[in-house]
Every structure is written in structure tokens, then in C-alpha cells.
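Here's the structure we're looking at; comments come further down.
Bear in mind these aren't lab numbers, they're just calculated from the coordinates by the rules spelled out. Please read these numbers as outputs of a predicted model, since none were measured by experiment. Cβ atoms come from the backbone with ideal geometry, glycine included; neighbour counts cover every protein chain shown.
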Amino acid sequence: MNNPFSLEGKVVVVTGASSGIGKQTAIDCAGMGARVVLMARNETRLQETLSQMEGTRHMVVSFDLTDYQNVKDCVKRIVAQVGPVDGLVNCAGISATMPLKLIDVTKMEELFQANVFSGIQLTRHFCQIGNTSREGASVIFLSSIMGLVGETGKALYSMCKGSLVSAVRSLACEYAPRHIRFNAISPGAILTPINQDLPHMKNPDARAALEANHILGLGKTTDVSNACIFLLSDASRWITGQNIVVDGGYTAR
Ligand SMILES: NC(=O)c1ccc[n+]([C@@H]2O[C@H](COP(=O)([O-])OP(=O)(O)OC[C@H]3O[C@@H](n4cnc5c(N)ncnc54)[C@H](OP(=O)(O)O)[C@@H]3O)[C@@H](O)[C@H]2O)c1
């Protein structure tokens, strides 16, 4: 039987592939048959991801996504090697927990560059020169439940993540004629390097409270990579402009 979730024959770019959710997504996309382009800054950790992947035709691209001057050339290099891109998972990102009194313009610029501007710029160039296939493509942005609900100290991170949920709706409208689908995924808490050293993860009481708020417990990176595979695959061909919440029931309460 034809498997609608298969990524066989597709080329998928995953940013943030050197760690956490992006790493798992790259590994699982390869497992589902995709040729994967792994992007992040740390070459050694990208090679580590690559060593855990099925298949041999993948490509490692060590690149700082905030290097806007060179992102277009980087996309050209990728397309020259792997051909038109069928899927883009914008997973690279950084987190911040701080009260309003510490949110100055420098901090806002840093967070928006890493979480919003860089992904939008990369996506812009992929839509212009990275996808010429008539079957269209699927673009995913990793948002967060912090883009949907509030928590003390999360205003800046929430602003970034909420903007991605808003952006996919309009981008879905803009690119529907080319059958390029845009969706967001909003995970709840998943232990990765982005959060494992944060004070509330190390404090037993705070950690227990966080776990209790996720009524199915904290998530695993595969919980998110599975949602990515669905949105990249033909099984989701009629879904665009949406935000899939993958949060163990955090926002159900
Ligand atoms: N973990 C969670 O609980 C959770 C929950 C909701 C949403 N999210 C979101 O999911 C995404 C992945 O998070 P994660 O938990 O997997 O975090 P992570 O383990 O810290 O990974 C972040 C990735 O982003 C890359 N990155 C950061 N800045 C970059 C830049 N300027 N250029 C290129 N790559 C860059 C890092 O690679 P290099 O350092 O090698 O560049 C790394 O691969 C993030 O957008 C995060 O906000 C995570």
C-alpha cells in the first residue's frame, strides 16, 4: 500500500540540525526516505547528527543563519547540489527568560534575529530560488506554546514565537497558487540543550510543577519530529496556514 507519510524522493532542509528537535527531525526525515540538508553553525555536531542518519546523499551546511549577506549564496549552493527543495523545517532558535525591565532593544534584536528574521530570510530565498518543482513544497516554522499562552518572564520569547504563528497564515495565502504550504508547530516543554540548564529545570519543585502542567508529561524530540514528518509528507497536502500544538495537553487545561 502507498504510504502517504513517506518522504521518499523528497529533499528536506532542516535548520537547527545540530541539536535537540532539529537533530531528531533530520534523523527521522532520513528514516522516512528523505534526502536531508542539515543546517546549523556547529560543524562537528552536524556531522554527529549525520552519523546517525540512514542514507548517504545528505548534505551538511555549517552556516550562521543570521548572516543575511550570504544566505542567498548559501541557498544557491544547496540547490546546485541537491536540486529543488520539497520541504524546509525552520527549527533553529534560541530561548530567553527575563522580566520586562531587562528587555532592551539589544536583547530584542538578538532574539528576533535568531528566532524570526533568520528563518524568514532563509524561507524567502528558498521560495525564490530553491523550489521550482510544480508539486509545491512544505515550509514549517517551530513556534512554541509560549506563542499562545503566557508565563512570567517569557514576554520576549512569546513575541518571537507568536509572530511565527501569525506569519504562516499570510504566507499560506500568498504561496497557495504555487502549492507551497506554510504551517507552524508549537511544542510544549521538551528536554533539550535549549532548556535543560535553566534554573526551573534544575529546581525539583519547579520541574515537578512544569511536568504537572503537561498532563501527558514532558515531551520527547520524536513527538515533534513526527509532526514535522506529517506536515512535510503528502498526507498533509490539504493543510496550510495552521499551527499544530504538540504539548502533552499543556494548553488543554
Ligand atoms: N525544547 C523545547 O522545549 C521547545 C519548546 C517549544 C519550542 N521549541 C523551539 O524548537 C526549536 C528547537 O529547539 P531545541 O529545543 O531543539 O533547541 P536546541 O537543542 O538548543 O537547538 C537549537 C538549534 O538552533 C541552532 N541555531 C541557533 N542559532 C543559530 C544560528 N544563528 N544559525 C544557525 N543555527 C542556529 C543551534 O545550532 P548551532 O548552535 O550549531 O548553530 C541548534 O541546532 C527552537 O526554535 C525552539 O524555540 C523548543
**Q.** Reach of Lys220 by Cα under 16 Å, taken over lysines that are not fewer than 8 positions away in the same chain
**A.** Lys23
Q. Between Arg181, Arg77, Arg35, which gets the highest mean-square fluctuation from a Gaussian network model of the chain, Cα cutoff 10 Å?
A. Arg77
Q) Between exposed GluC sites (Glu not before Pro) in the chain, where DSSP calls loop and at most 16 other Cβ atoms lie within 10 Å, what's the longest gap? A) 152-253
Q. What number, rounded to the nearest 500 deg cm²/dmol, is the helix-based mean residue ellipticity at 222 nm of the chain, given -39500 (n - 2.57) per DSSP H run of at least four residues and division by all its residues?
A. -11500 deg cm²/dmol
**Q.** Contour excess over end-to-end distance, with Cα ends at Lys72 and Glu109 and 0.36 nm allotted per residue
**A.** 11.2 nm
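State the percent of C-alpha pairs, over all pairs in the chain, separated by a distance greater than 33 angstrom.
For the chain, the fraction of Cα-Cα distances above 33 Å is 15 percent.
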Q: Could you calculate the FRET efficiency of Ala208 with Ala80 from 1/(1 + (r/R0)^6), where r is the beta carbon distance between them and R0 is 35 Å, rounded to 0.05?
A: 0.10
Q | Options Ile194, Val139, Pro204, ranked by Cα towards positive dipole end of the chain, top entry (Cβ charges) | A | Val139
Q | Gaussian network model of the chain, springs between alpha carbon atoms under 10 Å - residue of Val139, Val13, Val149 with greatest fluctuation | A | Val149
Q. Roughly how many debye, to the nearest 20, is the charge dipole of the chain about its Cα centre, given +1 on each Lys and Arg Cβ, -1 on each Asp and Glu Cβ, and no other charges?
A. 360 debye
Q) Of all DSSP beta bridges in segment 11-244, what percent run antiparallel (nearest 5)? A) 0 percent
Q) When the dipole is taken about the Cα centre of segment 126-253, and only Lys, Arg (+1) and Asp, Glu (-1) are charged at their Cβ, what size is it in debye, to the nearest 20? A) 220 debye
Q | Within-15-Å neighbourhood charge of Ala235 [Cβ basis; K, R +1; D, E -1] | A | -2
Q | Cα centroid separation - segment 52-89 against segment 146-181, whole Å | A | 23 Å
Q | Residue with peak Gaussian network fluctuation, the chain [Cα springs, cutoff 10 Å], from Lys72, Lys107, Lys154 | A | Lys107
Q. What is the log10 of I(q)/I(0) for segment 61-141, computed with the Debye formula using one identical point scatterer on each Cα and no solvent, at q = 0.17 Å⁻¹?
A. -0.70
